[in-house]
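Notes follow once the structure below has been shown.
The values are calculated or read from the model by the stated rules, or taken from the named source; none is laboratory data. For clarity, every value in this text was computed on a predicted model and none was experimentally measured. Positions of Cβ are generated from backbone atoms using ideal geometry, with glycine treated the same way; all protein chains shown enter the neighbour counts.
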Amino acid sequence: MAKAFKYGLKGITGYLEPAERELLRGLIDDVISMLEPEEQAGQDPLAALVGLDMDVRQPSDRALLRLLPNVMKDDDAGSLEFRQLTERSLRESKIGALRAASMGLDRNELSLTPEEARLWSMALNDIRLVLAERLDIRDEADADHVHAMQDWSQAEDVESYLALVYNFTTWLQESLVQSMMAALERKD
Amino acid sequence: MTTTVATGSFAAVDVEERTDTAEQTSTAHLTASDVPWNLVVWNDPVNLMSYVSFVFQSYFGYSEAKANKLMLEVHRKGRSIVAHGAKEQVEQHAVAMHGYGLWATVEKASSAGAGKDGPRG
């Protein structure tokens, strides 16, 4: 069973069982594959190099749209223009955080620098955002309903399994953020 | 990690570069790029309250008290203006918030409420 992250003399540390690491690695790979931009033939290589993507569209997948949201609430044209300039690099920075977290999953004992912890918290957050969309968490009541699923013996279908995975990543992220807060206070 | 970008830094650079030109020019430039914009963070049922507060503290350099106040405003009122400034600045903040997975948008500050409901960095 995983141990909550904690902040102590050795910095931010945590412990994950091999099965839990395997689970997280799978989730990370899923989110990375959602975020990887499709390479289009005929794309201007220079534009791609500087991070521009003139062919970009608002994602049709709700989970991907939650990861890459519109920057303006009631201005689709303005949001699309902003997307052309920034979405590629946003995808890349998210993938970078997810890869960094995945690389730390090669042993049971986790020991994170403040920067690694920051990347981990971002990666866990993106995983949770995707799981939440798949679980149709739209409001606090939905979140409470999912949160009530705590018993792995209840995992009888995909939905309940996803809910348990979501709760596990929530618990892990919460303990990580508490540790990061403690580290931040120590530094002040 | 990036800390708070000094307010008006974009305009300030240009003003400095243009000190030799007529004062009128820099005034005109300031008016164009200093139209205030707000960075709005929206509530969602997924992001942890602790995480949102941590992001406000570590990215904007806000105190714990201020970060918690903004986070609770997001949670209770559904949205909060967490920063404001020139358009380019708040857009940069918005991308950073999206990087953290927070749901953030930018909007032109309404002339009536400009600077009143938003906390100052």
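Residues that are among the basic types (K, R), at least 3 per element: which helices (runs of 4 or more DSSP H) completely within the range A:67-149 meet that?
Answer list for the range A:67-149: A:76-103, A:114-134.
Against the condition farther than 24 Å from A:E185 by Cβ, crowded, with 19+ Cβ neighbours inside 10 Å, at pLDDT 95 or above and more than 10 Å from every other protein chain (Cβ to nearest Cβ), how does B:G85 come out, does it pass?
yes
Show the residue pairs that are 6+ apart or on different chains and have beta-carbon atoms under 7 Å apart, the first residue being within the range A:136-162 and over 21 Å from B:G78 (Cα atoms), the second being surrounded by 12 or more Cβ atoms within 10 Å (Cβ to Cβ) and among the charged types (D, E, K, R).
A:L162/A:R134
Confirm whether A:E185 is facing chain B (nearest Cβ under 9 Å), surrounded by fewer than 17 Cβ atoms within 10 Å (Cβ to Cβ) and either not charged (D, E, K, R) or not in a loop (DSSP other than H, G, I, E, B) (or both).
The answer is yes for A:E185.
Would you mind telling me which numbered condition in (1) farther than 25 Å from A:K94 by Cβ; (2) at the interface with chain B (Cβ under 7 Å from one of its Cβ atoms) A:A141 fails?
For A:A141, the exception is condition (2).
In the range B:55-69, what count of residues is obtained for those that are outside any helix (DSSP H, G or I) and either buried (at least 22 other Cβ atoms within 10 Å of the Cβ) or touching a residue at least 12 places away in the same chain (Cβ under 8 Å) (or both)? Quick ask: steps written out before the conclusion?
First, pick out the residues of the range B:55-69 that are outside any helix (DSSP H, G or I): B:61-63.
Then drop every residue that is not either buried (at least 22 other Cβ atoms within 10 Å of the Cβ) or touching a residue at least 12 places away in the same chain (Cβ under 8 Å) (or both), which leaves B:61-62.
Of the residues in that region, 2 qualify.
Residues checked against (1) in contact with a Cys (Cβ under 7 Å, 6 or more places away or on another chain); (2) among the aliphatic types (A, V, I, L, M); (3) closer than 25 Å to A:G26 by Cβ; (4) buried (at least 18 other Cβ atoms within 10 Å of the Cβ):
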{"residue": "A:D61", "(1), (2), (3), (4)": "no, no, yes, no"}
{"residue": "A:L65", "(1), (2), (3), (4)": "no, yes, yes, no"}
{"residue": "A:L68", "(1), (2), (3), (4)": "no, yes, yes, yes"}
{"residue": "A:D75", "(1), (2), (3), (4)": "no, no, no, no"}
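The conditions are (1) aliphatic (A, V, I, L, M); (2) farther than 15 Å from A:N70 by Cα; (3) crowded, with 19+ Cβ neighbours inside 10 Å, and B:L72 fails exactly one of them. Which is it?
All conditions are met except number (3).
Yes/no per residue for (1) under 26 Å from B:K108 (Cα atoms); (2) without any contact (Cβ under 8 Å) to a residue 40 or more places away in the chain; (3) hydrophobic (A, V, I, L, M, F, W, C):
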position	(1), (2), (3)
A:D29	no, no, no
A:D44	no, yes, no
A:S60	no, yes, no
A:N70	yes, yes, no
A:D76	yes, yes, no
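From A:E109, A:E156, A:E133, grab the single residue that is surrounded by fewer than 14 Cβ atoms within 10 Å (Cβ to Cβ) and either within 30 Å of A:Y7 (Cα to Cα) or within 13 Å of chain B (Cβ to nearest Cβ) (or both).
Every option except A:E109 fails the conditions.
Look through A:A143, A:A97, A:A123 and report the one residue that is among the aliphatic types (A, V, I, L, M) and either more than 24 Å from A:L176 (Cβ to Cβ) or more than 15 Å from the chain's Cα centre (by Cα) (or both).
One residue alone meets the criteria, A:A143.
Of the residues A:L80, A:L90, which is at pLDDT 95 or above, at negative phi and either touching a helix residue (DSSP H, G or I) at 6+ places or on another chain (Cβ under 7 Å) or crowded, with 20+ Cβ neighbours inside 10 Å (or both)?
Residue meeting the stated conditions: A:L90.
Out of A:A141, A:A163, I need the residue that is small (G, A, S) and either modelled with pLDDT under 90 or closer than 21 Å to B:W42 by Cα (or both). Which one?
After applying the criteria, what remains is A:A141.
Quick check on my filter: what residues within the range B:21-44 are within 30 Å of A:Y166 (Cβ to Cβ) and at pLDDT 95 or above?
Answer for the range B:21-44, where residues must be within 30 Å of A:Y166 (Cβ to Cβ) and at pLDDT 95 or above: B:L39, B:V40, B:V41, B:W42, B:N43.
Please specify each residue of the range B:62-102 satisfying the condition of being within 27 Å of A:L35 (Cβ to Cβ) and charged (D, E, K, R).
B:R79, B:K87, B:E88, B:E91
Here's a check for you: in the range A:117-130, which residue that is without any contact (Cβ under 8 Å) to a residue 60 or more places away in the chain and within 14 Å of B:L48 (Cα to Cα) is nearest to the other protein chains (Cβ to nearest Cβ)?
A:N125
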